[in-house]
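Colleague: Below you will find the structure I want to go over with you.
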Amino acid sequence: MTMEALRDVVGTRWTSDEIDLYIDDGYVEAACLTGCIVATVTLSCPSGKILISLPEDSLFPIALSDVASGTPVDPVNWRFIDRKDPYFMTCEGSTPAIVAPWGLKHILLNPPFSGDGTISLIHAVVPIAGLTSDSSVPDTPDWFHPALVNYAHGRALVRDADGPRLGRALRQFGYYTELLGDLDEFGNSRHEGVRQSVYGERFRVPRG
């Protein structure tokens, strides 16, 4: 589709691989800016370990629960934990009641599992490798797919752009940005739905 829009279906000026890379860049950027791509993963939590690493592709946690019991683990700020127990780094317990972000790539369990446990993490992710093939389908609503074409179109035009071509590129980026705002709203609504399904009441009081 992008090659047709560029009127270069035989790949004289832009190669198919180059266009694929531009589409991947747009997909990764959209995921990073909106957090719209959601995945579920199980985290192993060794006995007594308070800091648990997040997966490499994780942007931020959305909802967590104890796999064994299905009990939600309530998210809080780490300062809430510190006010509750200034010695939280050495605390003990049976299963986590609350969890807090710790830096960009860890979560803090309070208290940690007394034996080996597992946490189900629903989180926003970034597709590090982009789309794996030409037949891959972006994990975004269908209405956003043309925006990735617009982004790739703009990136292609920017390369060695003269005045008119630069104007066309900016117009394509504008189409992409317009739908990016809609995607951001979609992502926020998706996150709220996930939290509602896991935690129930919107303003649930954290346990612990």
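Colleague: What do you reckon, is Ser197 of a type in the set (Gly, Ala, Ser), modelled with pLDDT under 95 and surrounded by 13 or more Cβ atoms within 10 Å (Cβ to Cβ)?
Modeller: no
Colleague: Of the residues Phe113, Phe186, which is aromatic (Phe, Trp, Tyr) and under 30 Å from Cys45 (Cβ atoms)?
Modeller: When all the criteria are applied, what remains is Phe113.
Colleague: Take the conditions farther than 19 Å from Leu104 by Cα, of a type in the set (A, V, I, L, M) and modelled with pLDDT of 85 or more and apply them to Val67. Does it pass?
Modeller: Yes; evaluated as a whole, the condition is true for this residue.
Colleague: Still on this structure, please answer the following. Output the residue which, of all residues in the range 2-47 that are on the phi > 0 side of the Ramachandran plot and surrounded by fewer than 16 Cβ atoms within 10 Å (Cβ to Cβ), is modelled with the highest pLDDT. Full working, then the answer.
Modeller: Step one: filter the range 2-47 for residues on the phi > 0 side of the Ramachandran plot, giving 7, 11, 35.
Cutting the leftovers down to surrounded by fewer than 16 Cβ atoms within 10 Å (Cβ to Cβ) gives us 7, 11.
Working: Arg7: 51, Gly11: 54.
Checking each candidate, the answer is Gly11.
Colleague: Could you please let me know if Phe113 is of a type in the set (Phe, Trp, Tyr), buried (at least 18 other Cβ atoms within 10 Å of the Cβ) and at pLDDT 90 or above?
Modeller: yes
Colleague: Considering only residues that are among the charged types (D, E, K, R) and closer than 16 Å to Asp20 by Cβ, look in the range 142-179 and name the one that is surrounded by the fewest Cβ atoms within 10 Å (Cβ to Cβ).
Modeller: My answer is Arg159.
Colleague: I'm trying to understand the selection: among the residues of the range 44-65, which are under 21 Å from the mean Cα position of the chain (by Cα) and of a type in the set (D, E, K, R)?
Modeller: Of everything in the range 44-65, those that are under 21 Å from the mean Cα position of the chain (by Cα) and of a type in the set (D, E, K, R) turn out to be Glu56, Asp57.
Colleague: Is there any pair linking a residue in the range 169-181 that is closer than 11 Å to His153 by Cα to one that is of a type in the set (Phe, Trp, Tyr), with Cβ under 6 Å and at least six apart or on different chains, and which?
Modeller: Pairs that qualify, where the first residue is closer than 11 Å to His153 by Cα and the partner is of a type in the set (Phe, Trp, Tyr), are Tyr176/Tyr151.
Colleague: Could you pull out the residue among Val28, Val41 that is of a type in the set (A, V, I, L, M), under 15 Å from the mean Cα position of the chain (by Cα) and assigned to a strand (DSSP E or B)?
Modeller: Being of a type in the set (A, V, I, L, M), under 15 Å from the mean Cα position of the chain (by Cα) and assigned to a strand (DSSP E or B) holds for just one of Val28, Val41, which is Val41.
Colleague: Next up: So, in the range 56-104, of the ones that are of a type in the set (Gly, Ala, Ser) and touching a Lys or Arg at 6+ places or on another chain (Cβ under 7 Å), which residue ends up farthest from Ile122 (Cα to Cα)?
Modeller: Ala97
Colleague: While we're looking at this one, here's another question. Filter the range 132-186 for residues that are charged (D, E, K, R) and within 20 Å of Cys32 (Cβ to Cβ) and give the result.
Modeller: Initially, the range 132-186 is screened for residues charged (D, E, K, R), giving 134, 139, 142, 155, 159-160, 162, 165, 168, 171, 178, 182, 184-185.
Of everything in the range 132-186, those that are charged (D, E, K, R) and within 20 Å of Cys32 (Cβ to Cβ) turn out to be Asp139, Arg155, Glu178, Asp182, Asp184, Glu185.
The values are calculated or read from the model by the stated rules, or taken from the named source; none is laboratory data. Predicted model only: the values in this text are computed from it and were never measured. Reconstructed Cβ throughout: ideal geometry from the backbone, glycine too, with neighbour counts over all protein chains shown.
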